[in-house]
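First up is the structure itself, then whatever we jot down about it.
The values are calculated or read from the model by the stated rules, or taken from the named source; none is laboratory data. The structure displayed is predicted, hence computed values, not measured ones. Please note: Cβ atoms are built from the backbone with ideal geometry, for glycine as well, and neighbour counts cover all protein chains shown.
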Amino acid sequence: MSSSLVSTAPNAAIPIPSSASRLANLIVDPVSAFRGIAQASPWALAFLAAISVRFGSLFVFYQPAITPLKLVGGLAFQVTSVLPQLLVASALVWVVAKMRRLDVGWSATFSIVTHTYVAYTIATIAVASFAGAVLPDSTDIDLRSPPFTNLASLVAGRGDLTQRIFAELDIRSVYAIVLLWLGLRAAAPGAPRSAIARVIATVAAIRLGGVVVVQAMR
């Protein structure tokens, strides 16, 4: 009798991951990282992780002199530079999602974008570390655009605008798009995939258009 009841009972609710589990799963199991993101949308731990990874990478790559004042100032700079980026990116995704009639809340959107940013930052540092290991010591590694990540080198000397556009064709951006897709799918599981694809395509187009406008105004 009990076995019959178990077999016919509805599936138990899938447990929602903790903030720490979401962070760990970003790399090993990104689908699980965004599970239940609409019901529980943590962002504080992911934000702290992004700040810590960015700040720690500066000491690894540039080895600056450390003083208490520089430490506090450096942390403050990271917070004031990263938080506005996350807010603007989240606002863009959220507004586009509303325009495309995708039912995703603000808190879920901000959490998705913040976690995506953490993964993007880790990927950047991983590629930069690899480049530093295989390239000559005299090579200058730019953490904003490390070697082997984009196609800008293929159009060297063809103008700053062309190079900037090709720099946007970045493997890290593809990685971020995949994570954004998984996050929006988890936040709006009932939405058609075409709607999510339109949101991502619109966001990517707006970003690329902004890059072109800013570069053209210089």
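Give the residue, chosen from ALA12, ALA20, ALA33, that is out of contact with any Leu (no Cβ under 8 Å at 6 or more places or on another chain) and either on the phi < 0 side of the Ramachandran plot or at pLDDT below 75 (or both). So the residue among ALA12, ALA20, ALA33 that is out of contact with any Leu (no Cβ under 8 Å at 6 or more places or on another chain) and either on the phi < 0 side of the Ramachandran plot or at pLDDT below 75 (or both) is ALA12.
The condition (being at pLDDT 95 or above and surrounded by fewer than 13 Cβ atoms within 10 Å (Cβ to Cβ)) is satisfied by just one residue among VAL95, VAL88, VAL6: VAL88. Take the residues in region 47-85 that are loosely packed, with under 13 Cβ neighbours inside 10 Å and small (Gly, Ala, Ser), then tell me which one is nearest to the chain's Cα centre (by Cα). Checked region 47-85; the qualifying residue nearest to the chain's Cα centre (by Cα) is SER81. The set of residues in region 90-120 being among the hydroxyl-bearing types (Ser, Thr, Tyr) and touching a helix residue (DSSP H, G or I) at 6+ places or on another chain (Cβ under 6 Å) consists of SER90, THR109, THR114, THR116, TYR117, TYR120. The listed residues are GLY209, GLY183, and the only one of them that is over 30 Å from SER32 (Cα atoms), part of a helix (DSSP H, G or I) and modelled with pLDDT of 70 or more turns out to be GLY209. Please specify each residue of region 47-76 satisfying the condition of being over 15 Å from TYR117 (Cα atoms), in contact with a helix residue (DSSP H, G or I) (Cβ under 9 Å, 6 or more places away or on another chain) and at pLDDT 85 or above. If the condition is that a residue be over 15 Å from TYR117 (Cα atoms), in contact with a helix residue (DSSP H, G or I) (Cβ under 9 Å, 6 or more places away or on another chain) and at pLDDT 85 or above, then LEU75 is the only one that fits.
Once region 146-180 is narrowed to residues that are at pLDDT below 70 and hydroxyl-bearing (Ser, Thr, Tyr), the residue that is surrounded by the fewest Cβ atoms within 10 Å (Cβ to Cβ) is SER153. Filtering region 135-145 for residues that are at pLDDT 70 or above, aliphatic (A, V, I, L, M), in a loop (DSSP other than H, G, I, E, B) and in contact with a Leu (Cβ under 8 Å, 6 or more places away or on another chain) leaves an empty set. Annotation: of all residues in region 25-56 being part of a loop (DSSP other than H, G, I, E, B) and free of Cβ contacts under 8 Å to residues at least 24 places away in the same chain, the one that is farthest from ILE177 (Cα to Cα) is GLN39.
Checking the structure you have, find out if any residue of region 75-95 is under 14 Å from LEU23 (Cα atoms) and in a helix (DSSP H, G or I). So that I can check it myself, show each step before the final result.
Taking region 75-95 first, the residues under 14 Å from LEU23 (Cα atoms) are none.
For region 75-95, residues under 14 Å from LEU23 (Cα atoms) and in a helix (DSSP H, G or I): absent.
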